[in-house]
Amino acid sequence: MSSKLDLINHELKGYSAAELAEVEKYLADRKPTLTIDLDPVFDRDFRKDGYELEVRPDGTVEDGELFPTLGGGSFTFDFVSFINVAGNEISIGGDEMRNRAVTMGGNLGQGDGQVVLRQAGKIPERYRGEIVIVLPRTVWVHRQSRRRFVPILCWNDGSWVMYLDGLSHSWYGCGRFLVPRKA
């Protein structure tokens with residue numbers, strides 16, 4: 001089946017399309033989401049900590065600023081796991097996690113994370129200490145070790161903070177992408 005509405009239609013035979021649309025809307029509204037106001041910001045510079053932004057093969061640097069291109073207003077996101085639990089997947093590698101960010105529509109970067117961080121009070125309380133919001137679009141490279149890192153948002157000592165986490169290790173089920181909700 002190709003959509004939620006197809007699944008609902010299969011399970012709820014005899015209901016009108018309008019009734020099924022209401023059920024789908026109800027179910028969509030039950031998922032945890034995050035709605036934030038868009039305010040372009042990029043104010044955390046990891047260069048002072050010994051990192052540099054990764055240069056892509058075409059010679060450009062990905063700074064991860066997606067929100068400024070959206071043009072203001074507000075946006076609602078779903079928290080989406082990049083782990084395929086149904087396939088008994090426990091973890092994936094960092095580069096695969098970044099590939100999934102693109103295909104799943106959750107390829108936000110550090111600039112986007114800064115916007116979220118400024119409005120962290122809107123993140124559902126139940127996620128405090130339970131999840132890590134991964135911002136895979138921006139890659140920092142440690143100058144000495146040449147190891148690659150991506151920004152993450154996590155709950156630490158009573159607030160949401162931004163750290164860098166290594167792409168060379170395994171990424172587990174507590175990681176989430178913020179995926180823009182389709183209208």
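Here is how the numbers come out for the structure above:
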item: Formal net charge of residues neighbouring Leu178 (Cβ-Cβ distance under 9 Å; K, R +1; D, E -1); result: -1
item: Sequence ranges 97-108, 115-126, ranked by mean other-Cβ count within 10 angstrom, highest first; result: 97-108, 115-126
item: Long-range HN-HN contacts of Val132 with modeled amide H, under 5 Å; result: Gly175, Arg176
item: Built amide H within the under 5 Å cut-off of Asp165, gap 5+; result: Val150, Ile152
item: Amide proton proximity set for Arg147, modelled H, under 5 Å, gap of 5+; result: His142
item: Segment Arg128-Glu54, extension gain: residue separation times 0.36 nm, minus the distance between their alpha carbons; result: 23.7 nm
item: List Asp165, Asp49, Asp78, ordered by accessible area with a 1.4 Å probe, largest first; result: Asp49, Asp165, Asp78
item: Backbone HN-Hα couplings from phi across segment 129-138 [Karplus 6.51/-1.76/1.60, Hz, Gly and Pro as x]; result: x, 9, 10, 10, 8, 9, 10, x, 5, 9
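The values are calculated or read from the model by the stated rules, or taken from the named source; none is laboratory data. What you are looking at is a predicted structure, and each value in this text was computed from that prediction instead of being measured. Positions of Cβ are generated from backbone atoms using ideal geometry, with glycine treated the same way; all protein chains shown enter the neighbour counts. Areas reflect the complete protein model, heavy atoms only, side chains present, ligands, DNA and RNA absent. Shrake-Rupley method; radii C 1.70, N 1.55, O 1.52, S 1.80 Å.
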